[in-house]
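One structure below.
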Amino acid sequence: MTQQTTLEHPADAPAPGRGPRRRRWPFVLAAVALLAQMAVAMLTTAVQQTPTIDEPVYVGTAVVYQQQHSLRYNPEHPPLGKLLIGAGTAFAHPRLAPAPGDTQEQMGQRLLYASGNDPYRLMLLARLPVILLTLLFGLVVLAFAADLAGRWAGLLALGLYAFSPDVIAHGALATLDVPVAGFLLTAAWLLWRARGRPGRYLPLAGLALGAALATKMSALAAVPVMLGLAAVSVWSAARRDPESGTEAAKPAWDGRWRRVIRIAAGPAVVAACALAVVWASYLAVDPRLHWVTPPDVPVIGGLRGLITDWLPVPRAYRDGMRIQFGFEDDTYRGFLFGRQYRGALWYYLPAALLVKTPLGMLALWAAGALRMVTTRRLWPAAAYVVVPAAVLLLAAMSGARDYGTRYAVFLPLFLAVAAGTLVTLRRPRWARPVTAALVVFVAVSSLRTFPYYLPYSNEAFGGPARTYRSLHDSNVDWGQDLGRLADRLRERYPGEQVWLVYKGSGIPAAYGITARNPLAVPADQVRGLLVVSDSRIDRPGKQLKALIDGSRPVDEVGHSITIFRRPG
């Protein structure tokens, strides 16, 4: 049995959904329709949203890569994701005036607002490569699930992926979260296929893993799992007779040693290809690898320091790891279900996912994962789907920054594949109708939030208008609605005094917003409109809380900014 044969069905029995060629067109049309609605959703949000907090840094760094071939900005993240973003910004031919003393945040703002560029056009072009990647990863989701349980399993998985509010929200941004998740899923899928043809798919899996490692440091948590899966894939291939696909006879002792060498060679091939991609991403920016360690890079000791020192990667990558370890050693403020706190809660991500994931999707994720780990025929596939997702989730839960479900955006990819295996259920009879009903519920919940995907929360938590009561930061208000605020003030409140407390990287004046800081004057002077980012409402401080308590809400913008009216 080759890898292309569905796991649940032998080669001589048709898998669910297989049939004459003339029956394939409904499947193809459905897949195209799902991806088309996803593309429309992402393009709409990409056009309407102004820069989120992280985007100016990534976009500015991408432009510096192209124009100056310098690695000095944003070293805490490897270059590949920003090189992809730069593939879009290159069409704008952006101008960036030199200012060597800028921080990376200042450099990003200067590119967008002080160099004569059109920020709307530049941001849209920067986001387009990520949107395209997100759509391509949808095809990986479809193919992976189809390999496991047939084409209709692939369609179910693609439906969940295409309607995921988190994937749409972050797939429409010039950020790194969806690209790294998609590359990791691609690596897992190719490793699964390597069980049938290791010579073809192991190098490709290594390239996909390398792309993840060259995009974001968080992919390092997946390396032991992926290398282990490479060994499992080679072992599985070695156990099968290439002609019949059945288990081969036990080899003699000399054959066993050859098998051990082949199994060890699998992870070595994957690791070598992955390292080649990491090195290539840095060489693409600066072929001479001119890199001087910044003075503020922390010194990391212990096991983490040893790992960092011994990894065969560019010095800039190792310094980026040290910066990330320094971030993890710091203490940050968080917000969950109305409670402010310092530090990190181990259960933050599961709780945030409970809020930010459609209810039907949660049910299908759980059922799909349970199906894989409790069905003997699906156990081999569970190692490639459920195990990487679990390891990545545990790594993300151990992080120091409780800032959003974007740190777990890999789950909608991996667990969509797991949910696809539910099409193999034949009993009880209501299983398939209930599965279909839950998919429809997911689609309706996702479509209702259009085009405000970033602040999405499910119906149990009041929908996107109330997300800020449970979560903050990139879960709801990441600075994305400054342009929408400008339109709202111009249309409904022309000429009124505006007092603004905004959390974001945008510059209000660049969008025509004339506002004053209410925290810089006595409270009795704050009259007119008080406009506050919802993340600041969650953690207001004493002075802002008094201002809010003395005002009445009159409007909201994008479910991320609230407009109050002050008395007097």
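The values are calculated or read from the model by the stated rules, or taken from the named source; none is laboratory data. The structure displayed is predicted, hence computed values, not measured ones. Heads up, the Cβs are rebuilt from the backbone with ideal geometry, glycines too, and the neighbour counts pull from every protein chain shown. Side chains are part of the model used for accessible areas, which takes the heavy atoms of the whole protein and leaves out ligands, DNA and RNA. Shrake-Rupley method; radii C 1.70, N 1.55, O 1.52, S 1.80 Å.
Here is how the numbers come out for the structure above:
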{"read-out": "Considering residues of the stretch 242-269 that are open to solvent by less than 100 Å² (accessible area, probe 1.4 Å) and not in a helix (DSSP H, G or I) only, the residue modelled with the lowest pLDDT", "value": "S244"}
{"read-out": "Any hit, the stretch 301-315, residues being open to solvent by 50 Å² or more (accessible area, probe 1.4 Å), among the charged types (D, E, K, R), at pLDDT 95 or above and assigned to a helix (DSSP H, G or I)", "value": "yes"}
{"read-out": "Hey, L229 touching a residue at least 40 places away in the same chain (Cβ under 8 Å), in contact with a helix residue (DSSP H, G or I) (Cβ under 7 Å, 6 or more places away or on another chain), in a helix (DSSP H, G or I) and farther than 21 Å from T134 by Cα or not", "value": "yes"}
{"read-out": "Check on G462, without any contact (Cβ under 8 Å) to a residue 12 or more places away in the chain and closer than 30 Å to R401 by Cα", "value": "yes"}
{"read-out": "Test set (1) part of a helix (DSSP H, G or I); (2) surrounded by fewer than 22 Cβ atoms within 10 Å (Cβ to Cβ) - R429 fails condition number", "value": "(1)"}
{"read-out": "Check on A99, buried (at least 24 other Cβ atoms within 10 Å of the Cβ), of a type in the set (A, V, I, L, M, F, W, C) and farther than 25 Å from L29 by Cβ", "value": "no"}
{"read-out": "Residue list for the stretch 157-168, filter: part of a helix (DSSP H, G or I) and either out of contact with any Lys or Arg (no Cβ under 8 Å at 6 or more places or on another chain) or more than 20 Å from V32 (Cα to Cα) (or both)", "value": "A157, L158, G159, L160, Y161, A162, D166, V167, I168"}
{"read-out": "Pick from the stretch 458-517, criterion among the hydrophobic types (A, V, I, L, M, F, W, C) and in a loop (DSSP other than H, G, I, E, B), ranking: most open to solvent (accessible area, probe 1.4 Å)", "value": "I507"}
{"read-out": "Search result, residues across the stretch 326-368 that are in a helix (DSSP H, G or I) and surrounded by 21 or more Cβ atoms within 10 Å (Cβ to Cβ)", "value": "Y348, L349, A352, V355, K356, G360, M361, L364, W365, G368"}
{"read-out": "Helices (runs of 4 or more DSSP H) within the stretch 50-156 that include 3 or more residues at pLDDT 95 or above and within 18 Å of the chain's Cα centre (by Cα)", "value": "55-68, 80-89, 119-149"}
{"read-out": "Residue within the stretch 543-558 that is open to solvent by 30 Å² or more (accessible area, probe 1.4 Å) and either within 25 Å of Y113 (Cα to Cα) or in contact with an Asp or Glu (Cβ under 7 Å, 6 or more places away or on another chain) (or both) present", "value": "no"}
{"read-out": "A381 vs. criteria open to solvent by 10 Å² or more (accessible area, probe 1.4 Å), touching a helix residue (DSSP H, G or I) at 6+ places or on another chain (Cβ under 7 Å) and closer than 29 Å to W189 by Cβ", "value": "no"}
{"read-out": "Condition met for Y403 (part of a helix (DSSP H, G or I), of a type in the set (S, T, Y) and open to solvent by 10 Å² or more (accessible area, probe 1.4 Å))", "value": "no"}
{"read-out": "Filtered residues of the stretch 50-90 (kept if β-branched (V, I, T) and either within 23 Å of L220 (Cα to Cα) or open to solvent by 10 Å² or more (accessible area, probe 1.4 Å) (or both))", "value": "I53, V57, T61, I85"}
{"read-out": "Pairs with Cβ under 7 Å, 6+ apart, first in the stretch 330-345 and at positive phi, second in a loop (DSSP other than H, G, I, E, B) and loosely packed, with under 13 Cβ neighbours inside 10 Å", "value": "G343/T331"}
{"read-out": "Residue match in the stretch 182-205 (condition: farther than 28 Å from F27 by Cα, surrounded by fewer than 24 Cβ atoms within 10 Å (Cβ to Cβ) and either touching a residue at least 24 places away in the same chain (Cβ under 8 Å) or aromatic (F, W, Y) (or both))", "value": "yes"}
{"read-out": "The stretch 203-226: number of residues that are part of a helix (DSSP H, G or I) and either among the β-branched types (V, I, T) or at pLDDT below 95 (or both)", "value": "2"}
{"read-out": "Cβ-Cβ under 6 Å pairs, at least 6 apart or on other chains, the stretch 146-169 side under 17 Å from W25 (Cβ atoms), far side in a loop (DSSP other than H, G, I, E, B)", "value": "G150/T6; G150/A15; G150/P16; G150/G17; R151/G17; W152/P16; W152/G17"}
{"read-out": "Top-ranked residue in the stretch 270-298 [being β-branched (V, I, T) and surrounded by 13 or more Cβ atoms within 10 Å (Cβ to Cβ); ranked as modelled with the lowest pLDDT]", "value": "V297"}
{"read-out": "Near pairs, Cβ below 7 angstrom, 6+ apart or cross-chain, from the stretch 481-510 (touching a residue at least 24 places away in the same chain (Cβ under 8 Å)) to any residue that is in a loop (DSSP other than H, G, I, E, B) and surrounded by fewer than 17 Cβ atoms within 10 Å (Cβ to Cβ)", "value": "A486/G512; Q497/R527; V498/T514"}
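Rundown of residues vs (1) closer than 26 Å to D147 by Cβ; (2) touching a residue at least 24 places away in the same chain (Cβ under 8 Å); (3) open to solvent by 10 Å² or more (accessible area, probe 1.4 Å); (4) of a type in the set (A, V, I, L, M), yes/no style:
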| site | (1), (2), (3), (4) |
| --- | --- |
| F414 | yes, yes, no, no |
| L425 | yes, yes, yes, yes |
| F441 | no, yes, yes, no |
| P455 | no, yes, no, no |
